[in-house]
Amino acid sequence: MSDRTERLLHIFIESFMPLLKAGLLFTVPLTLISFALGLALAIATALVRLSDFRALAELARFYVWIIRGTPLLVQLFIIFYGLPSIGITIDAFPAAVIGFTLSVGAYGSEIIRAAIISIPRGQWEAAYSLGQTRLTTLRRIILPQAARVSVPPLSNSFISLVKDTSLAATVTLTEMFRKGQEITATVYEPLLIYCEVALIYLMLCTVLSALQHRLERYYERYHAK
């Protein structure tokens with residue numbers, strides 16, 4: 001084994017745990033928190049857009065239009081670097097959570113709204129004929145079915161969010177990609193370190209994809225009954 005190969009192997013082994021630790025301490029929590037909050041926001045936004053409250057529906061539509069029409073990176077910069085100019089300072093982690101939550105909420109709301117619309121109108125009418133209120137119909141009949149339809153696209157959004165968290169490095173959050181940048185600055189082996197970062201992201205996304213497949217199969221069996 002040449003000295004060069006030996007050095008690269010040593011750097012790979014030494015850097016793996018710090019990168020994985022950054023992923024477990026920052027990337028994973030950032031993803032979970034942002035997705036949970038974003039999903040709640042997505043459901044609320046979808047329901048508001050489908051409601052009879054025109055003013056609120058237009059406000060929700062405007063929010064979705066703004067978030068979907070601007071880059072996530074720009075949104076993070078506005079939150080972290082722009083808001084302090086008007087006296088609003090947010091730490092890196094909360095700023096990243098806010099940015100990712102808004103993004104998940106906007107894109108997720110369109111997925112959920114489409115899923116709700118896909119439920120046949122006859123099911124609403126059947127529920128009303130049995131004396132069910134609109135809220136009860138949503139909770140007991142429409143949303144459970146919409147949830148099954150939403151699982152695949154929402155799961156894809158979750159996996160995409162795992163990768164998108166690398167953008168948090170631009171707001172000084174020491175997540176996995178930022179940690180890779182710091183290690184690269186000391187060992188001067190960018191190709192090796194960034195490939196290692198990519199490998200860990202790939203591992204995380206592979207596990208999540210397997211869980212997504214199991215979840216989809218569960219819903220398929222449930223639907224078949």
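Of the candidates Thr101, Thr89, Thr136, the single residue that is farther than 30 Å from Arg214 by Cα and among the β-branched types (Val, Ile, Thr) is Thr89.
For segment 113-147, which residues satisfy the criterion of being polar (S, T, N, Q) and under 20 Å from Glu216 (Cα atoms)? It would help to see each step written out before you state the result.
So the first thing to find is which residues in segment 113-147 are polar (S, T, N, Q), and the list is 118, 123, 129, 132-133, 136-137, 145.
Once the filter is applied, which keeps residues that are polar (S, T, N, Q) and under 20 Å from Glu216 (Cα atoms), segment 113-147 yields Ser118, Gln145.
When segment 190-200 is filtered for residues that are of a type outside the set (Val, Ile, Thr) and either buried (at least 20 other Cβ atoms within 10 Å of the Cβ) or in contact (Cβ under 8 Å) with a residue 60 or more places away in the chain (or both), the ones remaining, listed by number, are Leu192, Glu196.
Any residue that is in contact with a helix residue (DSSP H, G or I) (Cβ under 9 Å, 6 or more places away or on another chain) and either under 30 Å from Val74 (Cβ atoms) or among the polar types (S, T, N, Q) (or both) - is there at least one of those in segment 213-225? No. Taking each residue of segment 87-114 that is more than 19 Å from Leu167 (Cα to Cα) and looking for partners that are of a type in the set (Val, Ile, Thr) and in a helix (DSSP H, G or I) with beta-carbon atoms closer than 7 Å, six or more apart or interchain, yields Ser109/Thr45; Ser109/Val64; Glu110/Val64; Ile112/Ile43. Output yes when any residue across segment 174-189 is surrounded by 15 or more Cβ atoms within 10 Å (Cβ to Cβ), outside any helix (DSSP H, G or I), touching a residue at least 40 places away in the same chain (Cβ under 8 Å) and among the charged types (D, E, K, R), and no when none is. Yes: segment 174-189 contains one or more residues that are surrounded by 15 or more Cβ atoms within 10 Å (Cβ to Cβ), outside any helix (DSSP H, G or I), touching a residue at least 40 places away in the same chain (Cβ under 8 Å) and among the charged types (D, E, K, R). Restricted to helices (runs of 4 or more DSSP H) entirely inside segment 87-168, those with at least 2 residues that are surrounded by fewer than 18 Cβ atoms within 10 Å (Cβ to Cβ), under 13 Å from the mean Cα position of the chain (by Cα) and at negative phi are 143-164.
None of the figures in this text is laboratory data; all of them are computed from the coordinates on show. These numbers come from a predicted model, not from an experiment. All Cβ positions, even for glycine, are placed from backbone atoms using ideal geometry, and neighbour counts span all protein chains on display.
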